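A.B. asks: The structure that follows is given in the form of structure tokens.
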Amino acid sequence: SDKTHLTNNTGDKKDHAVYMSCGNISKDVRTKMSSRCWVKVAQIPVAHFENASKERHGVLCQRLYHICMDIISESLKKCSHEPVLMADANGTIRLVRTVLLAHIADHPEQQLIACCAGDASPISIARHNKLGLETCEELRTGDYTLALIQTITQAVNPQSISLYVTAARKVGLSGVDKPYWRDWKFADPSKFLTPDALHQW
């Protein structure tokens, strides 16, 4: 779901093109373009909010992304809680749960997905001053992030964006109050985010 430029030479229109595939398809098959194993399911706009400060604009764009992903993944999340009957490749009917195995994105989008601040790691609780140290930091689990969001939300109304973002940044969060993965059973950003060789290594 990386950010994509739609108008390279004549404007700054961008969106997040969201593609999905099944995890039980062989890697050799899935990586071939001719196999058509990836399906484009949505285009999430990168909006321009008029009269919004730079900080407010960034948070509104991040919240919009999570609202759209919430809508896109609604039926998949329901299926993660209550298995449904589906046919496999051989036509056998099985009870299936939809588990979010991987969300492939580059580093900026991983921070967006994990709801962490720009100076924080999306998969650990390390901030910029602790990145690269030999000692390992704890994982930024979904439960950890949701607990922080709940604590902030109890103290500050999420609609008061400036106050909410200030409180969120103090604990390494971005200001998103409803991550799309919050009610997806078994979904944990520290597990489903994949390594980004270009930005992280």
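A.B. asks: Take V156 and tell me if it is farther than 27 Å from H199 by Cβ and surrounded by 14 or more Cβ atoms within 10 Å (Cβ to Cβ).
C.D. replies: Yes.
A.B. asks: Taking region 128-141 as the search range and keeping residues that are modelled with pLDDT of 90 or more and in a loop (DSSP other than H, G, I, E, B), which one is least open to solvent (accessible area, probe 1.4 Å)? Working first, answer last.
C.D. replies: Here is the first cut: in region 128-141, the ones modelled with pLDDT of 90 or more are 138-141.
Remaining after also requiring in a loop (DSSP other than H, G, I, E, B): 138, 140-141.
Working: E138: 129, R140: 4, T141: 43 Å².
This residue is R140.
A.B. asks: Using the structure shown, decide if S73 is under 12 Å from the mean Cα position of the chain (by Cα), of a type in the set (S, T, Y) and closer than 18 Å to P179 by Cα.
C.D. replies: yes
A.B. asks: Pairs under 7 Å by beta carbon, first residue free of Cβ contacts under 8 Å to residues at least 12 places away in the same chain in region 40-69, partner open to solvent by 50 Å² or more (accessible area, probe 1.4 Å), six or more apart or different chains?
C.D. replies: From residues that are free of Cβ contacts under 8 Å to residues at least 12 places away in the same chain, the pairs are H57/F49.
A.B. asks: Could you tell me whether region 117-127 includes any residue that is open to solvent by less than 10 Å² (accessible area, probe 1.4 Å), assigned to a loop (DSSP other than H, G, I, E, B) and over 22 Å from H16 (Cα atoms)?
C.D. replies: Scanning region 117-127, I find at least one residue that is open to solvent by less than 10 Å² (accessible area, probe 1.4 Å), assigned to a loop (DSSP other than H, G, I, E, B) and over 22 Å from H16 (Cα atoms), so the answer is yes.
A.B. asks: Regarding region 93-101, can at least one residue be identified that is charged (D, E, K, R), closer than 19 Å to L193 by Cα, open to solvent by 30 Å² or more (accessible area, probe 1.4 Å) and in contact with a Leu (Cβ under 8 Å, 6 or more places away or on another chain)?
C.D. replies: No, region 93-101 contains no residue that is charged (D, E, K, R), closer than 19 Å to L193 by Cα, open to solvent by 30 Å² or more (accessible area, probe 1.4 Å) and in contact with a Leu (Cβ under 8 Å, 6 or more places away or on another chain).
A.B. asks: Also, quick follow-up: In this structure, does L148 turn out to be in contact (Cβ under 8 Å) with a residue 60 or more places away in the chain, open to solvent by less than 80 Å² (accessible area, probe 1.4 Å) and part of a helix (DSSP H, G or I)?
C.D. replies: no
The values are calculated or read from the model by the stated rules, or taken from the named source; none is laboratory data. From a predicted model like this one, the values you see are computed outputs, not experimental measurements. Glycine gets a Cβ as well: all are built from the backbone with ideal geometry, and neighbour counts include every protein chain shown. Keep in mind that these areas ignore ligands, DNA and RNA; they rest on the heavy atoms of the full protein, side chains included. Shrake-Rupley method; radii C 1.70, N 1.55, O 1.52, S 1.80 Å.
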